[in-house]
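Step one of this worksheet: look at the structure below.
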Amino acid sequence: MPFINIRGCNYFYREEGSGNETLVFAHGFLMDADMFRFQIDYFKDKFRIIAFDWRGQGRSQKTDDGYDMESLYFDAVELLNRLNCVPCHWIGLSMGGFIGMRLGARNPHLLKSLTLADTGATAEAILNKIKWGLLAIIFRLFGFKPVKKGVLKALFSPHSLNDPNFKPLLDEYINKMQHYDRETIYKIAWAIFNRKPVLSELSKIKVPTLVIVGEDDIARPLHEAQQLIKLIPYAKLEIIPKAGHSSALENPEAFNIALENFLKTVSNAYS
């Protein structure tokens, strides 16, 4: 498996496909690069694909610190340059979107386009911080089992949770969550919950931007996506049916169509 050392952390990354342009997929909290498996298979015939695990998650190295969004932003800048991805099409879901907004506002030369899925630009609401923070503390002390119901409700739509065809994927991710390092996940959770807002930076994003949200997303609901559309120039919105916070995994067909239609307007791969 390929690894690259980025700012003191051995990052796992997956590279597939070929093409003159690169799609970079950045996953959300409690996930890993595998959450984009359906997108990788769908787009690898036209694009070079890079998907990676954020530090402390998936197969990437656990570190003592460096989990705040600003540190991860610097990780992303170095990763893109070291893997020769510039300019790329960045597709970031949730936490991957937090970093994508920072890249688009501060380093537009690194991006050809930006896709922000199930994400938002505000600081965490105080009630959410209390609710999710309590789950993080319980997970740190007692593991995944006592927080399982709350975590799954946050990550997936009721449709996915009750769909027998989705059960193998659900079981796979439950198994992964059960084996995460408690202390590391606690650190990442608090870094996310205490992130600074980037609302004031959104007007600086000039690259073409697609905003995607699952219709049942309760972690980053529709009104946050609508806020992004208002503040990011030239952004467009796509709502993914029968999907929650993990829309790329829950309804990959709709997600892929939305992303492909967007890429057709910004990529030479379809000309």
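Just so you know, all these numbers are worked out from the coordinates, no wet-lab data involved. Only a predicted model underlies this, so the values are computations on that prediction, with no experimental measurement involved. Quick reminder, even Gly has a Cβ in these numbers, built from the backbone with ideal geometry, and neighbours come from all protein chains shown.
The condition of being under 16 Å from the mean Cα position of the chain (by Cα), under 17 Å from L114 (Cβ atoms) and not aromatic (F, W, Y) holds for only one of L228, L249, L202, L263, that being L228. Close Cβ contacts (under 7 Å, 6 or more residues apart or on different chains) running from residues in the stretch 1-30 that are free of Cβ contacts under 8 Å to residues at least 60 places away in the same chain to residues that are among the polar types (S, T, N, Q) comprise F3/N10; G8/T63; N10/S60; N10/Q61; F12/S60. Please specify each residue of the stretch 162-188 satisfying the condition of being among the β-branched types (V, I, T) and closer than 15 Å to K62 by Cα. Listed by number, the residues that qualify are T184, I185, I188. Scanning the stretch 193-213 for residues that are in contact (Cβ under 8 Å) with a residue 24 or more places away in the chain and assigned to a helix (DSSP H, G or I), we see that the one that is surrounded by the fewest Cβ atoms within 10 Å (Cβ to Cβ) is S203.
Scanning the stretch 57-67 for any residue that is assigned to a helix (DSSP H, G or I) and within 21 Å of S247 (Cβ to Cβ) turns up nothing. Residues in the stretch 153-170 that are hydrophobic (A, V, I, L, M, F, W, C), in a helix (DSSP H, G or I) and touching a Phe, Trp or Tyr at 6+ places or on another chain (Cβ under 9 Å): A154, L155, F166, L170.
Identify, please: which residue in the stretch 38-75 is without any contact (Cβ under 8 Å) to a residue 60 or more places away in the chain and farther than 20 Å from N5 by Cβ and is, among those, surrounded by the fewest Cβ atoms within 10 Å (Cβ to Cβ)? The extreme case among them is D45.
The requirement of being over 27 Å from L103 (Cβ atoms), in contact with a helix residue (DSSP H, G or I) (Cβ under 9 Å, 6 or more places away or on another chain) and not in a loop (DSSP other than H, G, I, E, B) is fulfilled somewhere in the stretch 182-192, by at least one residue.
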